[in-house]
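The values are calculated or read from the model by the stated rules, or taken from the named source; none is laboratory data. Since the model is a prediction, treat every value here as computed from it, not as a measurement. Heads up, the Cβs are rebuilt from the backbone with ideal geometry, glycines too, and the neighbour counts pull from every protein chain shown. Each accessible area value is taken on the protein alone, full model and side chains, heavy atoms only, with ligands, DNA and RNA left out. Shrake-Rupley method; radii C 1.70, N 1.55, O 1.52, S 1.80 Å.
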2 protein chains.
Amino acid sequence: MDTGPKIAQVAALVGDPARANMLSALMDGRTLTATELAYLSGVAPQTASGHLAKLSDAGLLALERRGRRRYFRLASPLVARMLEGLMVVAQEGPARQRNLWRGGETLRHARTCYDHMAGRIAVAIADRLVQQSFILLDEDGGQLTDAGQSFFDGLGVDLCLASKRRVFCRPCLDWSERRPHLAGAVGAAILRHALDHAWVEHIRDSRALLVTPVGVRELAATFGIEGAPPTDACKGPVASLSRGRAAVNSV
Amino acid sequence: MDTGPKIAQVAALVGDPARANMLSALMDGRTLTATELAYLSGVAPQTASGHLAKLSDAGLLALERRGRRRYFRLASPLVARMLEGLMVVAQEGPARQRNLWRGGETLRHARTCYDHMAGRIAVAIADRLVQQSFILLDEDGGQLTDAGQSFFDGLGVDLCLASKRRVFCRPCLDWSERRPHLAGAVGAAILRHALDHAWVEHIRDSRALLVTPVGVRELAATFGIEGAPPTDACKGPVASLSRGRAAVNSV
DNA sequence: CAAACACTTCGGCGAAGATCGTAGTGTTTT
DNA sequence: AAAACACTACGATCTTCGCCGAAGTGTTTG
């Protein structure tokens, strides 16, 4: 089931200026008639009628007949959320988008997410552990295999503590990478281990993490991933990323 | 500044099947080349090149030159969020959307939002207070006028308590109505008053509120709004809604 | 019952834009 | 240096779709 064509269908619907004007006018939850919407969107009533029929058929608008006129409103808060998403992207010009990454390049590389690690590094670690069958990741849960238990034992990471009082292992969708990293007791243990062994350290009082030279070496040795941030030398899709992609396909 | 045309521009970009396929393929944070994206979206490389240029110019994609090939990825998490919004609306067929309201009709009418009221009723109350110049509502704050002070005094609502320790009055965007209702000490005082005087009562252990017959009468007398839920008799845009619209225009 | 109103359907016009073939630039490989 | 490769620019074709005039259905008002 490919999602591409489906979202194109909805987006194309919103992609017409007249229809977009109608939806914008309804964003605040108002209930408007076809004629009002025609005027607000700047088209003739006949044209508006066609547009409104399409929007209703697609389930974007809810329709209520009342006498000789028809009242329209957004079909659900989900539609409003979608429109908000479009507004945000539309208002931030092409310029802003870049700064978001530029300034946040360090954050994107490695950071904390509550009590565990996130960012490129964390996703690469999760990919590796899945690829090696040390961990089985599900949609909303995870499981440590026997091999994985041995692996962590060998590292000197104690996973037993606190395993009763909290979720042991679960995926957590990475904010910047949009792919899962490890949370739960396992994720927390990994971060603690990394901090204890000076693989990473907190930067100022931000959530960003600095990967130390020791960390770069040990991350490569332990997980086979490139721990250095993408500076001049190594920029773009690094080894850990392409490997990560293969792992994702297997999940 | 009309937002309609702007969101139409972005939506139209996503509205083409080929481009939508590209964006879908990048949803998981991967970094792909122009050729890969051309193949995935099912068009010739020349066509893909044009699409990718448009998406980059609009700030939806980030581009990285690397040797003789170009790597693309989503420009920011905001873009991913927008696409998610579209996916949700696209996957829930027209059928699902209705159920969301039908089941939640009571919630939509009146409910609690933390310690204050929300829903149609709460928005109508806020509109009325603004319309009467009892309260001045700003983007992110609110202010009680002298007239408003007298009004609440007359009702027997004591607004003085706890006014120091928390935000006194602020707007809170209503989940279902997508227009502000009152939060802060003022909002909390109104809910407490309504509960104390049996205008409304909690339903089971949900957040929904039931408007009692007393409440219907008193809401009409106090705020001039229709407090009864829209059953058979009174369905669709009731008096309180059209009045609310006028108030919004004045804010 | 007739007129006004709100809305829909139909049909032709016209513009926007998606597509790919051909030809070009810049980069890597042999 | 030549060939292969990744991508871009241009131009012609073609489909799609928004648009409004004219005419038609159902509802309310006088």
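Quick notes
- Single residue of A:SER49, A:SER41, A:SER24, A:SER56 found to be among the hydroxyl-bearing types (Ser, Thr, Tyr) and more than 13 Å from DNA strand C (Cβ to nearest atom): A:SER24
- Matching entry among A:THR35, A:THR3 (being open to solvent by 60 Å² or more (accessible area, probe 1.4 Å), more than 9 Å from DNA strand D (Cβ to nearest atom) and in contact with a helix residue (DSSP H, G or I) (Cβ under 9 Å, 6 or more places away or on another chain)): A:THR35
- Cβ separations smaller than 7 Å between residues 6+ apart or across chains give the following pairs from segment B:6-33 residues that are closer than 14 Å to B:GLY59 by Cα to residues that are among the charged types (D, E, K, R) and within 11 Å of DNA strand D (Cβ to nearest atom): B:LEU13/B:LYS54.
- Exclusive hit being open to solvent by 30 Å² or more (accessible area, probe 1.4 Å), more than 16 Å from A:HIS109 (Cα to Cα) and modelled with pLDDT under 75, set A:LEU161, A:LEU155, A:LEU144, A:LEU241: A:LEU161
- Residues satisfying the criterion are absent from segment B:96-107 (criterion: open to solvent by less than 40 Å² (accessible area, probe 1.4 Å) and modelled with pLDDT of 70 or more).
- Some residue of segment A:43-53 being surrounded by 16 or more Cβ atoms within 10 Å (Cβ to Cβ), closer than 28 Å to B:LEU83 by Cα and within 9 Å of chain B (Cβ to nearest Cβ): no
- Leading residue by the ranking (nearest to DNA strand D (Cβ to nearest atom)) among those in segment A:40-56 that are closer than 26 Å to B:ASP174 by Cβ and out of contact with any Phe, Trp or Tyr (no Cβ under 7 Å at 6 or more places or on another chain): A:SER41
- Out of B:ALA188, B:ALA194, B:ALA198, B:ALA208, one residue alone is touching a residue at least 12 places away in the same chain (Cβ under 8 Å), assigned by TED's automatic domain parsing to the domain that holds B:PHE134 and on the phi > 0 side of the Ramachandran plot. It is B:ALA198.
- From the list A:ARG170, A:ARG69, A:ARG73, A:ARG120, the one residue that fits, being modelled with pLDDT of 75 or more and within 16 Å of DNA strand D (Cβ to nearest atom), is A:ARG69.
- Filter result for B:ALA34 (more than 16 Å from A:THR3 (Cβ to Cβ) and facing chain A (nearest Cβ under 7 Å)): no
- Restricting A:ALA18, A:ALA8 to residues that are touching a Pro at 6+ places or on another chain (Cβ under 6 Å), crowded, with 19+ Cβ neighbours inside 10 Å and at pLDDT 90 or above narrows the list to A:ALA8.
- Checked across segment B:214-223, the condition of being at pLDDT below 70 and assigned by TED's automatic domain parsing to the domain that holds B:MET117 holds for no residue.
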